[in-house]
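Read the structure below first, then the notes.
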Amino acid sequence: MGGTTSGVARTAGALALAGAGALAYASLVEVRWYTLRQVTVPVLPAGQDPLRILHISDLHLTPGQRKKVDWVKDLASLDPHMVVDTGDNWAHLDAMPALLEALEPHLAVPGAFVLGSNDYVAPSPKNPARYLLPDARRGPARRPPELPWRELTSRFRSAGWIDLTNRRDVLKVDGRVLSLVGTDDAHLDRDRFPAAAGDDDARTGSAPVDLHLGITHAPYRRVLDAMHADDVDLAIAGHTHGGQLALPLWGALVTNCDLDTRRAKGLHGWPGPRPDQSGGAGSTWMHVSAGLGTSPYAPVRFACRPEATLLTLVAP
(Lines give C-alpha, C1' and ligand atoms only; values in the text may rest on other atoms or scores of the structure.)
Protein backbone atom coordinates (compact mmCIF):
# COMPACT_ATOMS: atom_id res chain seq x y z
CA MET A 1 0.00 0.00 0.00
CA GLY A 2 2.80 2.38 0.85
CA GLY A 3 4.41 1.93 -2.55
CA THR A 4 1.10 2.46 -4.34
CA THR A 5 0.36 5.61 -2.36
CA SER A 6 3.82 6.95 -3.12
CA GLY A 7 3.34 6.27 -6.84
CA VAL A 8 0.01 8.09 -6.88
CA ALA A 9 1.56 11.05 -5.10
CA ARG A 10 4.42 11.19 -7.61
CA THR A 11 1.97 11.03 -10.51
CA ALA A 12 -0.19 13.79 -9.04
CA GLY A 13 2.90 15.91 -8.47
CA ALA A 14 4.07 15.39 -12.04
CA LEU A 15 0.64 16.34 -13.40
CA ALA A 16 0.55 19.45 -11.24
CA LEU A 17 4.02 20.44 -12.45
CA ALA A 18 3.04 19.87 -16.07
CA GLY A 19 -0.11 21.95 -15.60
CA ALA A 20 1.86 24.78 -14.05
CA GLY A 21 4.32 24.66 -16.94
CA ALA A 22 1.54 24.75 -19.50
CA LEU A 23 -0.08 27.72 -17.76
CA ALA A 24 3.23 29.57 -17.66
CA TYR A 25 3.76 28.92 -21.36
CA ALA A 26 0.20 30.00 -22.23
CA SER A 27 0.37 33.22 -20.20
CA LEU A 28 3.99 34.26 -20.75
CA VAL A 29 4.97 32.92 -24.19
CA GLU A 30 2.21 32.04 -26.62
CA VAL A 31 -0.07 34.97 -25.77
CA ARG A 32 2.68 37.29 -27.12
CA TRP A 33 3.91 35.01 -29.91
CA TYR A 34 2.28 36.89 -32.78
CA THR A 35 2.17 35.27 -36.19
CA LEU A 36 1.14 36.24 -39.71
CA ARG A 37 -1.04 33.77 -41.57
CA GLN A 38 -0.99 33.90 -45.36
CA VAL A 39 -4.04 32.49 -47.12
CA THR A 40 -4.96 32.33 -50.81
CA VAL A 41 -8.64 32.56 -51.78
CA PRO A 42 -9.69 31.88 -55.42
CA VAL A 43 -12.60 34.35 -55.69
CA LEU A 44 -11.60 36.97 -58.28
CA PRO A 45 -12.95 37.05 -61.83
CA ALA A 46 -10.83 35.26 -64.42
CA GLY A 47 -7.83 37.16 -65.64
CA GLN A 48 -7.51 39.57 -62.68
CA ASP A 49 -4.30 40.22 -60.78
CA PRO A 50 -4.14 39.18 -57.10
CA LEU A 51 -5.71 41.48 -54.50
CA ARG A 52 -4.15 41.56 -51.01
CA ILE A 53 -6.40 42.13 -47.98
CA LEU A 54 -4.91 42.47 -44.51
CA HIS A 55 -7.37 41.10 -41.93
CA ILE A 56 -6.86 42.48 -38.41
CA SER A 57 -9.11 41.46 -35.55
CA ASP A 58 -9.48 41.30 -31.77
CA LEU A 59 -6.44 43.33 -30.71
CA HIS A 60 -8.00 43.90 -27.25
CA LEU A 61 -5.30 46.52 -26.84
CA THR A 62 -4.41 47.97 -23.44
CA PRO A 63 -1.86 50.66 -22.53
CA GLY A 64 1.67 49.32 -22.24
CA GLN A 65 1.40 46.58 -24.89
CA ARG A 66 4.38 47.98 -26.79
CA LYS A 67 5.30 44.75 -28.57
CA LYS A 68 1.80 44.35 -29.97
CA VAL A 69 1.67 47.97 -31.16
CA ASP A 70 5.01 47.65 -32.97
CA TRP A 71 4.09 44.29 -34.50
CA VAL A 72 0.76 45.58 -35.85
CA LYS A 73 2.39 48.72 -37.27
CA ASP A 74 4.98 46.61 -39.06
CA LEU A 75 2.25 44.74 -40.94
CA ALA A 76 2.13 47.77 -43.24
CA SER A 77 5.32 46.41 -44.83
CA LEU A 78 3.11 43.77 -46.48
CA ASP A 79 1.75 46.57 -48.71
CA PRO A 80 -1.89 45.35 -48.75
CA HIS A 81 -4.37 46.83 -51.19
CA MET A 82 -7.02 46.93 -48.46
CA VAL A 83 -7.41 46.49 -44.69
CA VAL A 84 -10.38 44.83 -42.98
CA ASP A 85 -10.78 45.35 -39.22
CA THR A 86 -13.37 43.05 -37.64
CA GLY A 87 -13.51 44.70 -34.23
CA ASP A 88 -12.69 44.30 -30.54
CA ASN A 89 -9.85 46.75 -31.02
CA TRP A 90 -9.24 47.70 -27.40
CA ALA A 91 -9.85 46.70 -23.80
CA HIS A 92 -9.16 49.81 -21.73
CA LEU A 93 -10.51 53.35 -21.39
CA ASP A 94 -7.03 54.79 -22.01
CA ALA A 95 -6.10 52.67 -25.02
CA MET A 96 -7.02 55.16 -27.76
CA PRO A 97 -3.48 56.61 -28.24
CA ALA A 98 -1.87 53.17 -28.46
CA LEU A 99 -4.57 51.90 -30.82
CA LEU A 100 -4.26 54.86 -33.18
CA GLU A 101 -0.48 54.45 -33.18
CA ALA A 102 -0.78 50.75 -34.04
CA LEU A 103 -3.24 51.42 -36.87
CA GLU A 104 -1.72 54.66 -38.17
CA PRO A 105 -0.04 53.21 -41.30
CA HIS A 106 -3.09 51.08 -42.06
CA LEU A 107 -5.50 54.01 -41.95
CA ALA A 108 -3.69 55.38 -45.00
CA VAL A 109 -4.84 52.30 -46.97
CA PRO A 110 -8.41 51.75 -48.22
CA GLY A 111 -10.27 49.87 -45.51
CA ALA A 112 -13.53 48.77 -43.96
CA PHE A 113 -14.49 47.99 -40.36
CA VAL A 114 -17.14 46.76 -37.97
CA LEU A 115 -17.18 46.85 -34.18
CA GLY A 116 -17.26 44.10 -31.58
CA SER A 117 -18.69 44.04 -28.08
CA ASN A 118 -15.39 45.11 -26.52
CA ASP A 119 -15.28 48.20 -28.70
CA TYR A 120 -18.44 49.41 -26.98
CA VAL A 121 -17.71 48.51 -23.36
CA ALA A 122 -14.62 47.68 -21.35
CA PRO A 123 -14.19 44.05 -20.28
CA SER A 124 -14.91 43.11 -16.69
CA PRO A 125 -13.73 40.21 -14.51
CA LYS A 126 -15.65 37.01 -15.29
CA ASN A 127 -15.30 33.34 -14.48
CA PRO A 128 -13.35 31.91 -17.47
CA ALA A 129 -15.35 28.67 -17.16
CA ARG A 130 -18.41 30.48 -18.48
CA TYR A 131 -16.98 30.06 -21.99
CA LEU A 132 -17.77 26.35 -21.69
CA LEU A 133 -21.49 27.16 -21.45
CA PRO A 134 -23.74 26.85 -24.52
CA ASP A 135 -24.17 30.65 -24.39
CA ALA A 136 -21.33 32.50 -22.64
CA ARG A 137 -23.42 35.67 -22.44
CA ARG A 138 -25.55 34.21 -19.65
CA GLY A 139 -24.86 35.53 -16.18
CA PRO A 140 -25.76 38.36 -13.83
CA ALA A 141 -26.34 41.71 -15.49
CA ARG A 142 -23.53 44.24 -15.06
CA ARG A 143 -22.92 47.76 -16.30
CA PRO A 144 -19.31 47.86 -17.49
CA PRO A 145 -17.88 51.27 -18.43
CA GLU A 146 -18.61 52.43 -21.96
CA LEU A 147 -15.58 52.99 -24.18
CA PRO A 148 -15.34 56.06 -26.48
CA TRP A 149 -16.46 54.07 -29.50
CA ARG A 150 -18.12 57.03 -31.20
CA GLU A 151 -14.78 58.83 -31.32
CA LEU A 152 -13.12 55.65 -32.58
CA THR A 153 -15.55 55.22 -35.47
CA SER A 154 -15.24 58.93 -36.28
CA ARG A 155 -11.46 58.56 -36.48
CA PHE A 156 -11.75 55.53 -38.74
CA ARG A 157 -14.26 57.22 -41.04
CA SER A 158 -12.23 60.43 -41.19
CA ALA A 159 -9.26 58.40 -42.39
CA GLY A 160 -11.39 56.98 -45.19
CA TRP A 161 -12.28 53.58 -43.80
CA ILE A 162 -15.84 52.47 -44.55
CA ASP A 163 -18.15 51.81 -41.61
CA LEU A 164 -20.17 48.66 -42.33
CA THR A 165 -22.32 48.75 -39.19
CA ASN A 166 -25.53 47.17 -40.53
CA ARG A 167 -25.03 48.78 -43.91
CA ARG A 168 -23.78 48.40 -47.46
CA ASP A 169 -21.22 50.41 -49.37
CA VAL A 170 -18.82 50.29 -52.29
CA LEU A 171 -15.05 50.68 -52.36
CA LYS A 172 -12.66 51.09 -55.26
CA VAL A 173 -9.39 49.25 -54.62
CA ASP A 174 -6.49 48.82 -57.03
CA GLY A 175 -8.72 49.50 -60.01
CA ARG A 176 -11.38 47.04 -58.81
CA VAL A 177 -14.93 47.80 -57.61
CA LEU A 178 -15.83 46.03 -54.35
CA SER A 179 -19.37 45.75 -53.07
CA LEU A 180 -19.47 45.52 -49.26
CA VAL A 181 -22.08 44.46 -46.73
CA GLY A 182 -21.62 44.27 -42.95
CA THR A 183 -23.34 43.92 -39.62
CA ASP A 184 -22.95 45.18 -36.09
CA ASP A 185 -21.96 42.71 -33.37
CA ALA A 186 -24.22 39.65 -33.28
CA HIS A 187 -22.82 38.69 -29.87
CA LEU A 188 -24.69 41.71 -28.48
CA ASP A 189 -27.70 41.06 -30.76
CA ARG A 190 -26.96 44.38 -32.51
CA ASP A 191 -26.87 42.83 -35.98
CA ARG A 192 -29.47 43.88 -38.54
CA PHE A 193 -28.58 42.54 -41.94
CA PRO A 194 -29.22 45.37 -44.42
CA ALA A 195 -31.69 44.61 -47.18
CA ALA A 196 -30.39 44.92 -50.72
CA ALA A 197 -31.81 48.05 -52.35
CA GLY A 198 -31.03 49.80 -55.59
CA ASP A 199 -29.50 52.86 -53.95
CA ASP A 200 -27.05 51.10 -51.65
CA ASP A 201 -26.22 47.87 -53.45
CA ALA A 202 -23.41 48.44 -55.92
CA ARG A 203 -24.36 45.28 -57.80
CA THR A 204 -27.54 46.89 -59.11
CA GLY A 205 -25.68 49.72 -60.86
CA SER A 206 -24.44 49.89 -64.41
CA ALA A 207 -20.76 49.51 -63.46
CA PRO A 208 -19.56 45.91 -63.02
CA VAL A 209 -18.62 44.75 -59.51
CA ASP A 210 -15.48 42.68 -59.21
CA LEU A 211 -16.06 41.30 -55.72
CA HIS A 212 -18.79 41.18 -53.04
CA LEU A 213 -17.47 40.97 -49.46
CA GLY A 214 -19.36 40.32 -46.21
CA ILE A 215 -17.78 41.64 -43.00
CA THR A 216 -18.88 41.00 -39.41
CA HIS A 217 -17.36 40.65 -35.96
CA ALA A 218 -18.98 37.54 -34.52
CA PRO A 219 -19.68 34.74 -37.03
CA TYR A 220 -23.07 33.67 -35.76
CA ARG A 221 -24.90 31.27 -38.05
CA ARG A 222 -27.73 33.73 -38.73
CA VAL A 223 -25.27 36.30 -40.05
CA LEU A 224 -23.39 33.78 -42.17
CA ASP A 225 -26.69 32.44 -43.55
CA ALA A 226 -27.70 35.99 -44.52
CA MET A 227 -24.37 36.59 -46.21
CA HIS A 228 -24.62 33.28 -48.04
CA ALA A 229 -28.11 34.22 -49.25
CA ASP A 230 -26.73 37.62 -50.32
CA ASP A 231 -24.20 35.84 -52.56
CA VAL A 232 -21.07 37.28 -50.96
CA ASP A 233 -17.89 35.95 -52.51
CA LEU A 234 -16.08 35.94 -49.15
CA ALA A 235 -17.30 36.42 -45.56
CA ILE A 236 -14.73 37.81 -43.09
CA ALA A 237 -15.09 37.61 -39.28
CA GLY A 238 -13.24 37.48 -35.97
CA HIS A 239 -14.47 37.15 -32.35
CA THR A 240 -13.71 33.47 -31.73
CA HIS A 241 -10.03 33.88 -30.75
CA GLY A 242 -9.69 30.54 -32.52
CA GLY A 243 -10.95 29.00 -29.30
CA GLN A 244 -8.04 30.69 -27.44
CA LEU A 245 -7.31 27.46 -25.56
CA ALA A 246 -7.02 24.54 -27.96
CA LEU A 247 -5.94 20.94 -27.72
CA PRO A 248 -3.09 19.79 -29.97
CA LEU A 249 -4.32 17.41 -32.69
CA TRP A 250 -7.90 18.30 -31.76
CA GLY A 251 -8.35 22.06 -32.04
CA ALA A 252 -10.70 24.54 -30.42
CA LEU A 253 -13.04 23.52 -27.64
CA VAL A 254 -15.36 26.54 -27.99
CA THR A 255 -16.05 29.45 -30.36
CA ASN A 256 -17.99 31.77 -28.00
CA CYS A 257 -20.85 31.77 -30.52
CA ASP A 258 -22.96 29.18 -32.33
CA LEU A 259 -20.33 28.51 -35.01
CA ASP A 260 -19.00 24.95 -34.88
CA THR A 261 -15.48 24.46 -33.53
CA ARG A 262 -14.20 23.06 -36.85
CA ARG A 263 -14.49 26.60 -38.21
CA ALA A 264 -13.07 28.40 -35.16
CA LYS A 265 -10.33 29.94 -37.28
CA GLY A 266 -8.92 29.87 -40.79
CA LEU A 267 -10.39 29.53 -44.27
CA HIS A 268 -13.55 27.46 -44.61
CA GLY A 269 -16.82 27.19 -46.50
CA TRP A 270 -20.33 28.06 -45.36
CA PRO A 271 -22.71 26.33 -44.89
CA GLY A 272 -20.94 23.31 -46.35
CA PRO A 273 -17.34 22.42 -47.20
CA ARG A 274 -14.98 24.86 -48.90
CA PRO A 275 -16.04 25.63 -52.47
CA ASP A 276 -12.89 23.91 -53.77
CA GLN A 277 -13.68 20.68 -51.93
CA SER A 278 -16.09 17.86 -52.66
CA GLY A 279 -19.65 18.90 -51.75
CA GLY A 280 -18.76 22.58 -51.47
CA ALA A 281 -20.10 23.81 -54.80
CA GLY A 282 -22.94 25.72 -53.08
CA SER A 283 -20.85 27.12 -50.23
CA THR A 284 -19.47 30.61 -49.60
CA TRP A 285 -15.82 31.21 -48.76
CA MET A 286 -15.38 32.31 -45.14
CA HIS A 287 -12.32 33.45 -43.20
CA VAL A 288 -12.33 33.63 -39.39
CA SER A 289 -9.36 35.24 -37.64
CA ALA A 290 -8.10 33.92 -34.32
CA GLY A 291 -7.23 37.53 -33.50
CA LEU A 292 -4.29 39.15 -31.79
CA GLY A 293 -5.39 39.59 -28.19
CA THR A 294 -7.35 38.33 -25.23
CA SER A 295 -9.39 39.82 -22.45
CA PRO A 296 -7.02 41.35 -19.88
CA TYR A 297 -8.75 39.09 -17.33
CA ALA A 298 -7.88 35.90 -19.24
CA PRO A 299 -4.46 36.64 -20.80
CA VAL A 300 -3.63 33.13 -21.98
CA ARG A 301 -3.45 31.26 -25.27
CA PHE A 302 -2.56 27.64 -25.79
CA ALA A 303 -2.09 25.88 -29.15
CA CYS A 304 -3.67 28.95 -30.74
CA ARG A 305 -1.17 31.71 -31.45
CA PRO A 306 -2.37 35.32 -31.81
CA GLU A 307 -2.56 36.18 -35.48
CA ALA A 308 -3.27 38.57 -38.31
CA THR A 309 -3.91 37.29 -41.83
CA LEU A 310 -2.88 38.40 -45.29
CA LEU A 311 -5.63 37.19 -47.61
CA THR A 312 -4.43 37.03 -51.19
CA LEU A 313 -7.46 36.90 -53.47
CA VAL A 314 -6.79 35.35 -56.86
CA ALA A 315 -8.65 34.20 -59.94
CA PRO A 316 -9.49 30.46 -59.91
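Do the conditions hold for PRO194, that is, is it modelled with pLDDT under 95, in a loop (DSSP other than H, G, I, E, B), more than 16 Å from TRP270 (Cβ to Cβ) and not small (Gly, Ala, Ser)? Answer is no for this residue.
Of the residues that sit in segment 243-254 and are assigned to a loop (DSSP other than H, G, I, E, B) and touching a residue at least 24 places away in the same chain (Cβ under 8 Å), which one is nearest to the chain's Cα centre (by Cα)? So that I can check it myself, show each step before the final result.
Start the filter on segment 243-254 by keeping residues that are assigned to a loop (DSSP other than H, G, I, E, B), which leaves 244, 248-250, 253-254.
Subsequent filtering for residues that are touching a residue at least 24 places away in the same chain (Cβ under 8 Å) retains 244, 248, 253-254.
Details: GLN244: 12, PRO248: 21, LEU253: 17, VAL254: 15 Å.
The extreme case among them is GLN244.
Criterion applied to LEU93, LEU100 was being part of a helix (DSSP H, G or I) and surrounded by fewer than 18 Cβ atoms within 10 Å (Cβ to Cβ), and the one residue passing it is LEU100.
Only one of ARG262, ARG222, ARG274, ARG203 is open to solvent by 30 Å² or more (accessible area, probe 1.4 Å), assigned to a helix (DSSP H, G or I) and more than 24 Å from VAL170 (Cα to Cα); which? Give the steps one after another, and end with the answer.
Values: ARG222 fails: more than 24 Å from VAL170 (Cα to Cα); ARG274 fails: assigned to a helix (DSSP H, G or I); ARG203 fails: more than 24 Å from VAL170 (Cα to Cα).
Step by step, each of ARG262, ARG222, ARG274, ARG203 is checked, and only ARG262 is open to solvent by 30 Å² or more (accessible area, probe 1.4 Å), assigned to a helix (DSSP H, G or I) and more than 24 Å from VAL170 (Cα to Cα).
Scan segment 72-82 for residues that are in contact with a Lys or Arg (Cβ under 9 Å, 6 or more places away or on another chain) and open to solvent by less than 60 Å² (accessible area, probe 1.4 Å) and the total you get is 4. May I ask you to verify whether VAL121 is among the β-branched types (Val, Ile, Thr), in contact with a His (Cβ under 7 Å, 6 or more places away or on another chain) and at pLDDT 85 or above? For VAL121, the condition - among the β-branched types (Val, Ile, Thr), in contact with a His (Cβ under 7 Å, 6 or more places away or on another chain) and at pLDDT 85 or above - is not met. Counting residues in segment 292-309 that are open to solvent by 30 Å² or more (accessible area, probe 1.4 Å) and basic (Lys, Arg) gives one or more. Within the span defined as segment 26-39, one or more residues are among the polar types (S, T, N, Q) and open to solvent by 60 Å² or more (accessible area, probe 1.4 Å). If you go through segment 173-191 and keep only what is part of a loop (DSSP other than H, G, I, E, B) and more than 21 Å from LEU115 (Cβ to Cβ), you end up with ASP174, GLY175.
Are there any pairs, at least 6 apart or on different chains, whose C-beta atoms fall under 8 Å, with the first in segment 64-91 and more than 14 Å from LEU36 (Cα to Cα) and the second open to solvent by 40 Å² or more (accessible area, probe 1.4 Å) and modelled with pLDDT under 95, and if so, which? Listed pairs, sorted by first residue: LYS67/ARG32; ALA91/PRO296.
Out of the residues in segment 180-200 meeting the condition of being in contact with a Lys or Arg (Cβ under 6 Å, 6 or more places away or on another chain) and without any contact (Cβ under 8 Å) to a residue 60 or more places away in the chain, tell me which one is most open to solvent (accessible area, probe 1.4 Å).
If we filter segment 180-200 for residues that are in contact with a Lys or Arg (Cβ under 6 Å, 6 or more places away or on another chain), which is where we start, we get 181, 184, 194, 200.
This time we only want the ones that are without any contact (Cβ under 8 Å) to a residue 60 or more places away in the chain, so: 181, 194, 200.
Values: VAL181: 0, PRO194: 16, ASP200: 63 Å².
This residue is ASP200.
Scanning segment 132-145 finds no residues that are closer than 20 Å to PRO306 by Cα and either in a helix (DSSP H, G or I) or at pLDDT 95 or above (or both).
The values are calculated or read from the model by the stated rules, or taken from the named source; none is laboratory data. A quick note: this is a predicted structure, and the numbers were derived from the prediction, not measured. Backbone-built Cβ (ideal geometry, glycine too); neighbour counts: all protein chains shown. Keep in mind that these areas ignore ligands, DNA and RNA; they rest on the heavy atoms of the full protein, side chains included. Shrake-Rupley method; radii C 1.70, N 1.55, O 1.52, S 1.80 Å.
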